[in-house]
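**Q** The structure that follows is given in the form of structure tokens.
The values are calculated or read from the model by the stated rules, or taken from the named source; none is laboratory data. It should be emphasised that the depicted structure is a prediction, and the values quoted were computed from it without experimental measurement. All Cβ positions, glycine included, derive from the backbone under ideal geometry; neighbour counts span all protein chains shown. The protein model used for the area step is the full one, side chains on, heavy atoms only, and it has no ligands, DNA or RNA in it. Shrake-Rupley method; radii C 1.70, N 1.55, O 1.52, S 1.80 Å.
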Amino acid sequence: IVATLCTGVLGLLIEKLSPGGNPRLVGILFLVTAVILWIPKWIKPRNAGGVPGVMTGLIVGIAQGFGVFPGISRSGITISASLGAGFSREKAGEFAFLVSIPAILGALLLTAKDFGELSAQVPLVSLLAGVLSSFLVGFLALKGLLRLVKGGRLHYFSAYLVPIGILTLLIG
């Protein structure tokens, strides 16, 4: 609950800034994400079997709220924050997944107002195919991500974030 409240408040505040219109900012944030994904490599779990408390909720909720910025990986920053709060890799991945559910549903509610306009331009069959394929690809990506997290290889994603971040800064 604490994580969800922090995420919602911070996410709404950041969203009002409309940070997606600045390509250079996105490039910088790709590089920030690359660094964030390396940090867990040096963190030792302290609370391997513990239950998340209020402080963990604050840390992870604030981190997830920053995931609204384009170029910041919501799952990467949330998993890294969970690891920083002392959870085992497995528990960090699970907790990050659990706190993502209300965040994603909240974002869906905020964008639902655009559905009428979108459905007027895109056939319903195409929309449903997009939703289904997004769900399937997201599910498979999540399974792969959790495997990398459990193996301590979250930093592998930095391999593409650094060149993309630099390229975005050069082109943007």
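**Q** Please indicate, with yes or no, whether at least one residue in region 39-52 is over 16 Å from I104 (Cα atoms), surrounded by 21 or more Cβ atoms within 10 Å (Cβ to Cβ) and in contact with a His (Cβ under 8 Å, 6 or more places away or on another chain).
**A** So far as region 39-52 goes, yes, one or more of its residues are over 16 Å from I104 (Cα atoms), surrounded by 21 or more Cβ atoms within 10 Å (Cβ to Cβ) and in contact with a His (Cβ under 8 Å, 6 or more places away or on another chain).
**Q** Could I ask something else about it? Those residues that are in contact with a helix residue (DSSP H, G or I) (Cβ under 8 Å, 6 or more places away or on another chain) and either closer than 12 Å to L37 by Cβ or not in a helix (DSSP H, G or I) (or both), I need them from region 87-100; list them, please.
**A** Within region 87-100, just F87 meets the criteria.
**Q** Moving on. So which residues in region 134-161 are open to solvent by less than 60 Å² (accessible area, probe 1.4 Å) and of a type in the set (V, I, T), if there are any at all?
**A** V149
**Q** Okay, next question. Within region 92-104, which residues are under 16 Å from R147 (Cα atoms), crowded, with 22+ Cβ neighbours inside 10 Å and either modelled with pLDDT under 85 or not small (G, A, S) (or both)? Walk me through it before giving the result.
**A** Of the residues in region 92-104, the ones under 16 Å from R147 (Cα atoms) are 92-97.
Retained after the next criterion (residues that are crowded, with 22+ Cβ neighbours inside 10 Å): 92-93, 95-96.
If the condition is that a residue be under 16 Å from R147 (Cα atoms), crowded, with 22+ Cβ neighbours inside 10 Å and either modelled with pLDDT under 85 or not small (G, A, S) (or both), then F95 is the only one that fits.
**Q** Okay, moving on. Any idea which of A112, A107 is modelled with pLDDT under 85, surrounded by fewer than 12 Cβ atoms within 10 Å (Cβ to Cβ) and small (G, A, S)?
**A** A112
**Q** If you don't mind, another one. Which count do you get for residues in region 72-90 that are in contact (Cβ under 8 Å) with a residue 24 or more places away in the chain, more than 13 Å from M55 (Cα to Cα) and not aliphatic (A, V, I, L, M)?
**A** 8
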